[in-house]
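What follows is a set of notes on a single structure, which appears directly below.
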Amino acid sequence: MAETRSEPESRVAELVNRLGRAVHCIQFAHGLNPAQWETLRYVARANRYSRTPTALAAYLGTTKGTVSQTVKALEAKGYLRRGPQPADRRACRLDVTDAGLEILGQDPIRDIESALGNSGLEIESALVQLDRMLRGMRSACGSRSFGVCECCDHFRDAAAIADTAGPHRCGLTGEPLSNSDKTRICVDFRCPEDGN
């Protein structure tokens with residue numbers, strides 16, 4: 001016997017799917033594809049631990065091979081560069097170039113931000129609900145949770161006041177964090193609410 005679905009839940013699922021398709025389509029812009037835009041956005045927002053091809057693959061939910069091809073294309077366009085990871089010279093670190101930052105100024109995702117600003121939607125409430133929905137979807141498909149450092153269970157606010165490197169500290173690595181660091185995406189994010 002088929003499971004009955006709630007009409008509002010079905011409608012929301014349909015709208016989320018259609019929004020996803022629309023977002024995908026608008027990202028074929030300025031000579032880039034959606035994966036390249038998402039890669040640039042991620043690398044620009046990721047912290048020093050998370051700007052690696054492995055972390056990028058986990059964030060995008062794709063293979064290292066696919067990420068390698070995307071990175072190569074962005075390097076060829078002059079938007080990304082690879083270098084050694086300071087903590088592990090065998091690992092590769094990704095950085096957005098000045099040209100990459102410039103093209104991010106034309107990011108088509110800003111069209112979505114404009115649409116949200118004109119929608120009359122209660123943004124804070126929508127943000128909480130969409131974040132909860134995303135966490136549930138990640139859990140269902142077994143993908144890793146990423147988040148902003150200052151919202152992480154590992155974040156220690158003002159734990160290193162005497163540190164000149166930063167007023168905060170990562171409870172996982174023990175390293176100091178600056179005010180800028182605390183606003184970045186981290187591969188080792190652990191949500192205080194659910195331990196992910």
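The values are calculated or read from the model by the stated rules, or taken from the named source; none is laboratory data. Model, not experiment: these values are computed from the prediction. Cβ placement follows ideal geometry from the backbone for every residue including glycine, while neighbour counts extend to all protein chains displayed.
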Item to check | Any chance ALA99 is of a type outside the set (Ser, Thr, Tyr) and in contact with a Phe, Trp or Tyr (Cβ under 6 Å, 6 or more places away or on another chain) | outcome: yes
Checklist entry - Among (1) in contact with a helix residue (DSSP H, G or I) (Cβ under 8 Å, 6 or more places away or on another chain); (2) at pLDDT 90 or above, which single condition is GLU75 missing? => result (1)
Next on the checklist: Out of THR66, THR70, I need the residue that is over 19 Å from ARG48 (Cβ atoms) and surrounded by fewer than 16 Cβ atoms within 10 Å (Cβ to Cβ). Which one?
Outcome noted: THR66
Next on the checklist: Looking only at helices (runs of 4 or more DSSP H) that lie completely in segment 1-115, which have at least 2 residues being assigned by TED's automatic domain parsing to the domain that holds MET137 and more than 16 Å from the chain's Cα centre (by Cα)?
Outcome noted: 7-26, 64-76, 98-104
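Residues are listed down the side, and each one gets a yes or a no for (1) closer than 24 Å to THR173 by Cα; (2) touching a Lys or Arg at 6+ places or on another chain (Cβ under 8 Å); (3) at pLDDT below 85; (4) not small (Gly, Ala, Ser):
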position: TYR79; (1), (2), (3), (4): no, no, no, yes
position: ARG82; (1), (2), (3), (4): yes, yes, no, yes
position: ALA91; (1), (2), (3), (4): yes, no, yes, no
position: LEU101; (1), (2), (3), (4): no, no, no, yes
position: LEU104; (1), (2), (3), (4): no, yes, no, yes
position: PRO108; (1), (2), (3), (4): no, no, no, yes
position: GLY120; (1), (2), (3), (4): no, no, yes, no
position: ALA126; (1), (2), (3), (4): no, no, yes, no
position: GLN129; (1), (2), (3), (4): no, no, yes, yes
